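What follows is a set of notes on a single structure, which appears directly below.
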Amino acid sequence: MGDGHSDSGRRRSNPEVGLGGKPDLRSADELLAEEVLAGAEPRLRRAFIASFGTERAAEATAEALAWGWEHRDRMAAMSNPVGYLYRVGQSRSRSRRQALLPRPSRSALPDVEPALIGALQDLPDRQRTVVWLVHACEWTQVEVAAALDISPSAVSTHLARAMSSLRRSLEVEQDV
């Protein structure tokens with residue numbers, strides 16, 4: 001016990017010698033959080049690359065690890081901190097992500113109701129994407145669900161809400 005190690009071997013009660021012969025003054029919680037985050041980083045990076053591609057994966061990984069360090073006290077009590085950090089990375093990088101589909105160019109569209117373009121652009125990204133894939137690309141709802149990694153019922157909900165919003169925006173009555 002006099003060597004500065006606790007019984008668990010993970011927590012340190014006294015400073016130890018760090019790099020350059022200087023004492024390591026980090027707390028036991030900081031050391032434990034650093035160990036968890038170091039192990040989480042490659043797993044998060046691989047998961048984000050598979051989900052988002054390399055550019056957005058780097059951003060999502062950095063956001064997740066930064067959150068983990070800021071909230072290391074909360075992470076210590078979690079049963080699956082890496083899974084939670086994955087969700088943090090998804091949500092933290094979401095606001096800066098680019099739309100799933102490019103905004104349509106007015107000159108490249110077929111002959112449509114002029115107000116439709118603005119109404120489509122006013123939809124949330126996910127709803128606009130679902131409408132585009134189902135109606136413009138003629139995908140089935142099951143195909144859209146697989147492509148967007150959501151359930152078919154979520155596709156149906158997004159589509160119904162989007163169509164309702166488009167009808168309101170364009171002042172169109174639904175045929176019964």
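Every number in this text was worked out from the coordinates using simple rules, so none of it is lab data. Note that the coordinates shown come from a computational prediction; the quantities given were computed from them, not determined experimentally. Note: ideal-geometry Cβ built from the backbone for every residue, glycine included; neighbour counts use all protein chains shown.
Some notes on this structure:
- Think of each Lys and Arg Cβ as +1 and each Asp and Glu Cβ as -1; about the Cα centre, that makes the dipole of the range 106-170 roughly 240 debye.
- Ranked by how many other Cβ atoms sit within 10 Å of their own Cβ, fewest first, the residues Thr54, Thr140, Thr61 fall in the order Thr54, Thr140, Thr61.
- Pairwise FRET efficiency - Asn80 versus Ser151, Cβ, R0 = 22 Å, nearest 0.05: 0.50
- Cα centroid separation, the range 111-176 to the range 42-86: 32 Å.
- Sorted by Cβ neighbour density within 10 Å, fewest at the top, the residues Trp139, Trp69: Trp69, Trp139
- For the range 110-136, backbone nitrogen atoms closer than 16 Å to the point 7 Å from Leu170 Cα along Cα-to-C-beta are found at 110-124, 128-136.
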